[in-house]
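Q: Pasting a structure below so you can have a look.
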Amino acid sequence: MQGMTNYSYAPLLFFAAIGLFFAVFSVVAGALAGPKRYNRAKADAYECGIQPTPHADGGGRVPVKYYLTAMLFIIFDIESVFLYPFAVSFDRMGLFALVEMVLFILTVFVAYAYVWRRGGLDWD
């Protein structure tokens, strides 16, 4: 048993080394095998095909709707993260946890319906 303590981190180090090797190999192979044709379009910022417009000196104002959409995404994404532990250990938790999860989903559904009704999901 005493000899095994020296090798307890061996699998972790092995997989870390494989991951590091793959990352370095991918970057080097992409640099060596990729095309080397540089032009003005590749040097420009990516704007999704829309011609970039000049901004004000201070950077201009960004509509609040962008931030609200990001916040809604984070809220509903966190909801799905909370559902994973429940789904994994559903059979061991019992009726109390089921009632709590139904209340949680109902609360999030009410928030979703409110946002939908107020037009927060409409993209103008």
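Q: Any residue in the range 96-124 that's closer than 17 Å to PHE73 by Cβ: show its pairings with residues that are charged (D, E, K, R) and part of a helix (DSSP H, G or I) at Cβ separation under 7 Å, as long as the two are six or more apart or on different chains.
A: VAL108/GLU79
Q: While we're on this one: For the range 86-106, give me each residue that is at positive phi and either of a type in the set (Ser, Thr, Tyr) or surrounded by 12 or more Cβ atoms within 10 Å (Cβ to Cβ) (or both). Steps first, please.
A: Kept after step one, since they are at positive phi, are these residues of the range 86-106: 94.
Within the range 86-106, none qualify.
Every number in this text was worked out from the coordinates using simple rules, so none of it is lab data. None of the values given here were measured: they were computed from a predicted structure. No Cβ is skipped: glycine too gets one built from the backbone with ideal geometry, and neighbour counts run over all protein chains shown.
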